[in-house]
Each structure stands twice: as structure tokens, then as C-alpha cells.
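Taking it in order: structure first as C-alpha cells, then the write-up.
The values are calculated or read from the model by the stated rules, or taken from the named source; none is laboratory data. Predicted, not measured: the structure shown is a model, and the values here were computed from it. Cβ placement follows ideal geometry from the backbone for every residue including glycine, while neighbour counts extend to all protein chains displayed. Accessible surface areas use protein heavy atoms only, side chains included; no ligands, DNA or RNA. Shrake-Rupley method; radii C 1.70, N 1.55, O 1.52, S 1.80 Å.
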Amino acid sequence: MSVWASPLGGYPRSRVVRRALRDYERGLLGYGELERVVGEASSLIIGSQLSSGLTYVVDGMVDWHDIFRPFIESWRNVTASGLLRYFDNNFFYRIPVFTEKPEASKLVWAPRVRRYAPLAEPSGLKIVVPGPVTFTSMSINKTGYSNEELAEAIAKLLADEVKAAIEAGASMVQVDEPMLADHDATRDEALLAVELVNSIVASAGGAKTALALYFDVPRGEVYDAILDVKANCISLDVVDAPERALKLIESKGFSDHCGILGLVNSRTIYDDPVDKLVEVALRVARSSKVGEMGVTTTTWLDLIPYSYSLRKTYLLGVLTLKIQENVGVAGGV
Amino acid sequence: MGYSVPRKFPTTVVGSYPKMPSALEAIKRRRSGEISESEFNEMVKVAVRDVVEDHLWAGVDIISDGEQAREDMVVYFAERFKGYSVGDWVRVFDNEYFRKPVVTGRVEWLRPITVELWEYASSISAGRPVKGILTGPYTMIEWSFDLHYRDRRELILDLAKAIRREVEELVRRGARYIQIDEPALSTRPWREDAELLKEALDIIFKGLEAKRIVHICFGRLERILPYILDYPVDQFDLEMKNSNFRLLPYLKEYGYNKEIGFGVVDVHSFQVESVKEIKEAIDKLMKTDIVSPEKAYIDPDCGLKRLPRDIAKAKLKNMVEAARQAREEW
Ligand SMILES: [Zn+2]
């Protein structure tokens with residue numbers, strides 16, 4: 001069994017980045033200077049992942065205000081409006097308001113990939129996009145089209161994003177559908193999400209692809225639908241609600257997907273109990289019989305202070321190494 | 001203390017009110033270390049006076065100090081309980097950050113926190129009762145980091161004991177309404193979480209000679225509802241208007257039998273609800289036949305802190321008038 005690691009998503013801003021963004025918003029700093037600061041910060045974040053031995057790294061997305069914002073800002077017919085709580089976090093995103101089907105005026109990922117993929121070597125650069133079902137259900141739809149039609153339009157743009165990012169050199173594509181882990185998510189939503197995620201990952205060529213669910217554990221009937229997704233991997237949080245998560249994985253497995261386990265808790269700041277987490281990983285490996293395991297953080301790392309995000313990156317590396325050692329000892333569980 | 005709260009549809013507030021400039025200035029100066037805690041409270045009193053004047057002008061029956069001293073509902077208490085340290089920067093939205101408190105030792109109550117401003121508000125309230133309002137233990141643990149306990153139950157129970165001490169101080173000085181704010185509860189509507197909070201509330205409210213209120217707002221209230229009906233409280237204060245009163249049928253279904261703090265004013269909207277609109281909301285509650293008018297407290301959905309002052313004031317005024325009309329009818 002192969003075991004690799006990647007942080008789930010974006011990183012918090014260092015003091016330097018916060019200041020630069022603030023000064024930029026006040027007109028005290030030019031765009032070029034902001035770009036330089038963000039570029040340096042991203043390079044450091046990539047470096048911390050490389051030195052921790054992570055296989056797929058992210059650029060940190062430190063210039064994103066929330067997961068939807070860069071896309072909203074690159075698309076026509078959608079704007080960011082009022083604030084709303086982002087799942088169960090004390091963090092708020094701006095609600096996207098769609099007035100028509102969105103059209104892209106520029107690409108979010110391809111330029112970033114061209115800039116950061118070379119820095120990520122020998123690891124691969126992972127790109128992350130918000131899933132169309134989560135995107136739609138967390139937006140206000142004033143288009144006159146149904147939510148399903150809006151989600152389809154979003155999926156189409158995301159597929160273009162992915163295609164261009166892969167051409168630019170991205171190694172992994174992750175589609176985030178945290179809404180499907182919500183207790184109120186329905187099987188129909190999951191079926192739609194799977195269909196749309198399939199259309200997005202179809203643009204990923206030979207790159208590794210994943211569907212990520214987090215902030216909670218999906219209900220059984222939702223997860224059943226998700227198991228049909230054509231992404232290579234399915235990513236689940238297994239430590240926020242360990243009982244429910246392990247029960248789900250032990251009863252349903254990952255089908256023929258590689259399983260990505262959110263093991264390093266990125267909403268707490270203490271050091272994770274690495275040895276205990278190794279046990280959890282081995283338990284999952286035994287019960288689900290996955291041939292490939294990804295190890296990740298429970299959520300994006302941007303909900304904790306910057307210093308702790310670096311510590312968690314290091315712990316993710318240590319944990320993954322220990323799992324690899326144990327898998328070896330156990331003769332490929 | 002000659003004011004008598006109406007028997008039917010008493011009006012109240014959830015707590016926070018737009019920050020007055022004097023309060024903002026006091027918070028800034030305290031943060032930079034220019035003024036002591038007692039000088040801080042003195043400065044904030046100027047702001048509390050403005051809030052109380054607005055509440056009286058609108059005719060609210062059970063008022064608050066507008067939480068003028070509280071920069072943030074969690075940080076305010078974390079800075080004053082033992083066991084908390086100043087945290088590192090965490091994003092709230094966009095590029096706005098706050099220092100999320102960290103529990104680094106055993107949490108303990110040290111000295112009265114909210115009492116001085118509560119007493120001050122009571123002294124100028126023309127006899128109207130002032131709510132004692134505290135951030136609940138569940139919200140305190142959810143919205144801060146923990147490096148000491150690594151066990152949510154242990155931490156929440158110690159927080160409950162600390163909050164209990166503050167509650168005792170308020171009640172000893174005559175507070176008749178104690179409200180515990182738990183906005184975080186609806187974000188994680190699980191039975192385990194609700195049961196954890198129940199244990200904590202048992203500590204906070206046990207044997208208390210005051211009205212025991214828990215405020216919950218936004219999120220999936222209908223999911224949390226079945227788990228909280230046996231809480232040791234007299235009243236749940238609930239956000240209703242923003243979610244278009246969709247909770248009402250659930251209250252009916254679950255056989256709700258406590259008092260209700262009925263949110264009739266949307267705190268996220270700058271549009272002032274008309275008297276007619278609010279009166280219709282009260283009628284709706286009455287027609288659902290869940291509580292009697294004596295058990296229905298009329299208030300906004302949540303704190304009014306994010307509204308401009310003139311809008312907050314106008315909303316309260318209309319709310320009071322609607323309650324007055326409802327008293328004639330029901
Ligand atoms: Zn509230």
C-alpha cells in the first residue's frame with residue numbers, strides 16, 4: 001500500500017501578508033508589491049511542505065478571502081455580498097450572488113500553477129476548487145435558472161479551470177464538497193455533485209483527482225452515492241467526529257478509490273497524538289482494504305494562526321512517515 | 001424600583017447594541033494599556049447611559065447595558081477569567097483578524113466582570129430590570145483554542161463554574177434575569193454537544209433565584225431543539241424573524257412548554273420592521289398556540305450591535321408598540 005501526504009487546502013496569512021493586503025486595500029501599496037509579498041509567502045509555505053516530505057503541496061492560497069472569492073472575482077454575473085458563517089467555524093464568507101449564468105473573464109488557477117508548480121518540485125502542486133453543489137447551495141441564485149442549472153454552469157467553468165491548470169503543470173486536482181458532509185445533505189444532491197465532479201475531473205487528464213468532504217461526516221445514503229464518483233480519491237475527516245467517521249468507513253469502505261484521511265486536526269492548536277493517529281490509519285487500512293492512502297489535515301489550515309499551520313504541516317509529515325513505517329512492518333496491511 | 005413589567009408580552013433585548021464612540025475609544029485605550037480596568041468601566045458608563053436612554057425612549061421593559069464594554073463576546077470574558085492567554089491572529093472574514101483566546105491553564109473566576117456596568121445600567125433604568133448577560137461555556141470553548149485541558153468536558157465544566165460565580169454576583173446584587181448566550185450551539189447541532197452544554201447549565205443555574213434564560217440563534221435550531229427541551233432553564237430566547245419563523249411548527253411538534261424569547265426583529269437587515277409586521281409575527285405565535293401571552297417575551301432575533309444606532313432604536317420602538325397592541329388583543 002502506498003501512503004502519501006498533502007494538506008487539505010489553504011494556509012493562514014502571516015503578519016507580513018495581512019499587512020500587505022491591508023496596505024493594498026488602503027491604497028498604500030501597489031499591486032506589484034502585493035504580488036511580490038504574496039509570492040514570497042507562498043514560496044515559504046510550499047517550502048515548509050517540501051521539507052515535511054509532503055507529496056502534493058498547495059501554494060497556500062493566502063490571497064483568497066474565502067474559497068469562493070477568487071472565482072467570483074474572475075467571473076462575470078456574480079458578486080460577493082453579505083457575510084455568512086462558514087459551516088461551524090467562527091469564520092465568515094461572503095455570499096456569492098449570481099444574477100445570470102456565470103462566464104469566466106479570466107482563469108484563477110493556470111497563472112498560479114505556472115508560477116508555483118516549478119517551486120513545488122520534486123513534489124506536485126495540488127489545485128483545489130469549490131464543488132459546484134457546495135458553491136450553489138452557499139450562494140444566492142437570482143439567475144432565474146434552477147440551482148441544478150446554475151451548478152452545471154459553475155461545473156463547466158471549473159472544468160475549464162482544471163484543464164488549463166493541468167496544462168500549466170498541476171499534479172493533483174481536488175474538488176471540495178463540504179456541503180455533502182452536512183447532516184441535511186440529500187442523496188439527490190450527492191448524485192448531482194457526483195455527476196458534476198465527474199465532469200470536472202474528466203478534464204484532469206492523467207493527474208490525480210480527489211473529492212473532499214469535511215467539517216462533518218456524510219450520512220450513509222449520501223456516502224453511497226459519493227462512492228460512484230470518478231475521482232481517484234475520496235477524502236474524509238476522521239478525527240472531528242471519530243465514532244461516526246470510522247463507523248462509516250468500516251461499513252462502506254472507499255470502494256475502489258484511494259482513501260484520503262483527515263487525521264491532523266487543523267482546527268485545534270495542540271500537537272496531534274501521532275501514535276494514536278497511526279493506529280486509526282492502520283485500522284482504516286485494514287477494514288477498508290485501500291490500496292493507496294492519502295494523509296491530510298481535517299480542514300484547510302486557514303482557521304488557525306500561521307505559526308500553528310506550519311507546526312501542523314510538520315506533524316502531517318511525521319505522521320505520514322510513521323504510517324509508512326508501520327504499513328511496511330505489517331507487510332502491507 | 002417602581003416599574004412593573006407587563007404581564008403579557010414583556011419586551012426585552014437580547015443584549016448588544018451599536019457601539020457608542022465613547023465605548024470604542026475606551027476599548028482602544030484599554031487595549032493599548034493607557035487606562036486601567038476601573039477607568040475603562042468609567043469611560044464605558046458614558047456609552048451605557050446612551051444605550052439605556054435609547055431603550056427607555058423605545059419603551060423596552062427589560063433592558064441591557066448594550067454590552068458596550070465587550071469588543072467581542074468571547075474575548076471579553078477570556079481576558080478576565082484566569083486560565084486564558086491572549087491568542088494569535090485568526091481570520092474572522094476577508095482580511096479582518098482577531099486574537100483568538102487560548103486556554104493555557106485552569107479556568108477560574110477572579111473577580112466580578114460584568115457587575116459594575118450592570119449595576120450602573122440598573123441605577124439609571126428608571127426601575128426597569130436589566131438583564132445580566134454572559135457568554136455561555138459552550139460558545140467560550142468553541143470560539144477559543146485549548147492548550148491545557150485537551151478534554152472538552154473538563155474545560156466546559158470549569159468554565160461553567162467560573163460563569164456560575166459571576167451569575168451569583170449578579171443575582172446577589174439584585175439581577176432578576178440571567179441570560180446565557182450560546183450562538184455556537186446551533187453551528188454543531190449534535191446530541192453530544194447539546195448534552196455537554198446541559199451538564200454545564202446545571203452548574204450555572206442550579207438553585208438560582210432569577211429567571212434563567214438561554215439565547216440561541218441562527219443555524220439549524222430545529223435540529224438542536226429536541227436535545228435541549230429538558231435544559232434547566234425558564235426561557236429559550238430564539239432568533240425567529242430572520243429564518244421566517246420556520247421554527248414555530250417544530251416548537252409545536254416537540255411540545256415546547258417553556259417561556260419563549262420571541263425574536264421579531266431581524267438584526268441583519270437595515271430595514272425597520274413596521275409595527276404591523278411585528279404585530280403579525282406575534283399573532284402568528286399566538287395562533288400556533290405554543291405559549292400563553294404571559295410566557296411570550298418579545299425581542300429582536302439577536303444583539304443589535306451590527307446596526308446603525310438610529311435603525312436599532314427605530315426597530316425597538318416599533319417592537320414595543322406592536323407588543324402593546326398585542327396585549328390589547330390577546
Ligand atoms: Zn444571537
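Brief remarks follow.
- Listed residues B:G207, B:G59, B:G174, most fluctuating in chain B (Gaussian network, C-alpha, under 10 Å): B:G207
- The contact between chain A and chain B removes approximately 2600 Å² from the accessible area (both sides summed; 1.4 Å probe; ligands, DNA and RNA excluded).
- Amide H partners (placed H, <5 Å) of A:A5, local residues excluded: A:T55, A:Y56, A:V295
- Among B:S292, B:S32, B:S122, the largest mean-square fluctuation in a Gaussian network model of chain B (Cα springs under 10 Å) belongs to B:S32.
- Interface residues in the stretch A:7-50 - accessible area drops by 30 Å² or more relative to the isolated chain, probe 1.4 Å: A:R13, A:R18
- The GluC sites (Glu not before Pro) found in the stretch B:1-85 that occupy coil by DSSP, while having at most 12 further C-beta atoms within 10 Å, are B:E34.
- Using a Förster distance of 56 Å, the FRET efficiency for B:V5-B:E195 (Cβ separation, nearest 0.05): 0.95
- Flagged links, alpha-carbon separation over 24 Å, of A:K230/A:K289; B:K161/B:K198; A:K247/A:K289; B:K241/B:K305; A:K312/B:K82: A:K312/B:K82
- Accessible area per residue in Å² at 1.4 Å probe, computed on chain B: 39 Å²
- Overall, the accessible surface of the stretch A:24-128 at a probe of 1.4 angstrom is composed of carbon and sulfur to the extent of 53 percent.
- Panel note: contact residues of the stretch B:137-177 (accessible area lowered by at least 30 Å² against the chain on its own; 1.4 Å probe) correspond to B:W143, B:F145, B:L147, B:R150.
- 10 Å Cβ neighbours from other chains, averaged over peptide A:270-279: 1
- In the complete set of protein chains, residue-level accessible area for B:L185 is approximately 0 Å², probe 1.4 angstrom.
- Residues whose amide H falls under 5 Å from that of B:I133, counting only those 5 or more places apart or on a different chain, are B:Q179, with hydrogens built in the peptide plane.
- Cα centroid separation, the stretch B:84-156 to the stretch B:253-317: 26 Å.
- On a per residue basis, chain A carries 37 Å² of accessible surface, using protein heavy atoms and a 1.4 Å probe.
- At an R0 of 22 angstrom, the distance between the Cβ atoms of B:E34 and B:D94 translates into a FRET efficiency of 0.15.
- In the stretch A:76-105, burial by the other protein chains removes 20 Å² or more of accessible area from A:L83, A:R85, A:D88, A:N90, A:F91, A:F92, A:R94, compared with the chain on its own (1.4 Å probe, ligands and nucleic acids ignored).
- Backbone geometry of the stretch A:247-259 corresponds, through the Karplus equation with coefficients 6.51, -1.76 and 1.60 at θ = phi - 60°, to 3J(HN,Hα) couplings of 4, 5, 5, 5, 8, 10, x, 10, 6, 9, 8, 7, x Hz, x marking Gly and Pro.
- Interchain or long-range residues, amide H under 5 Å from A:K208's placed H: A:V173
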